[in-house]
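To start, the structure under review is shown below, and the notes come after it.
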Amino acid sequence: MSETQAYDVTTDIGKVRLLLSDIATPWVFTDTELQAFLDMEGGVKRAAAQAIDTNATNHALASRVLRSQDVSTDGAKLADAMRAHADRLRAQADQADDDGDGFFFDVIDLEPDTGRPERTGWPV
């Protein structure tokens, strides 16, 4: 059963719900479960990817290839598509990590005899 009736995209849990399309009640995952994914994975996109992977495994385990008149379902194909989505989210998270989280350093080669602050005109 769901914990709440609406989700808030300004929260990390709401953002995870949005990325995994768990936006209508009854929820696939509770807020507590999504928080656990956030705690384990350390980011919204990675948490959503793990939730999608978990859901894909559940679909693969629960459903087989079923055919009934004109309707058929294939749990394995659905799980594969979900896992591909999870992989794309992880790649986006990796790219965001590489693009600059605001932390970097660079090595600067200084001219000889100017690499020491006491030999510059700048106050120490």
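The set of residues from the stretch 19-32 being touching a residue at least 12 places away in the same chain (Cβ under 8 Å) and either under 16 Å from A86 (Cβ atoms) or buried (at least 20 other Cβ atoms within 10 Å of the Cβ) (or both) comprises L19, L20, D22, V28, F29. Given the condition at pLDDT 75 or above and loosely packed, with under 12 Cβ neighbours inside 10 Å, answer yes or no: does some residue in the stretch 42-65 qualify? Checked against the condition, which is being at pLDDT 75 or above and loosely packed, with under 12 Cβ neighbours inside 10 Å, the stretch 42-65 yields at least one hit. Scanning the stretch 1-55 for residues that are out of contact with any Leu (no Cβ under 9 Å at 6 or more places or on another chain) and basic (K, R) yields a total of 1.
Kindly indicate whether any position in the stretch 30-45 is in contact with a Lys or Arg (Cβ under 6 Å, 6 or more places away or on another chain) and closer than 14 Å to R88 by Cα. So far as the stretch 30-45 goes, yes, one or more of its residues are in contact with a Lys or Arg (Cβ under 6 Å, 6 or more places away or on another chain) and closer than 14 Å to R88 by Cα.
The values are calculated or read from the model by the stated rules, or taken from the named source; none is laboratory data. Computed from a predicted structure; not experimentally measured. Methodologically, a virtual Cβ is constructed for each residue, glycine included, from the backbone with ideal geometry; neighbour enumeration extends over all protein chains shown.
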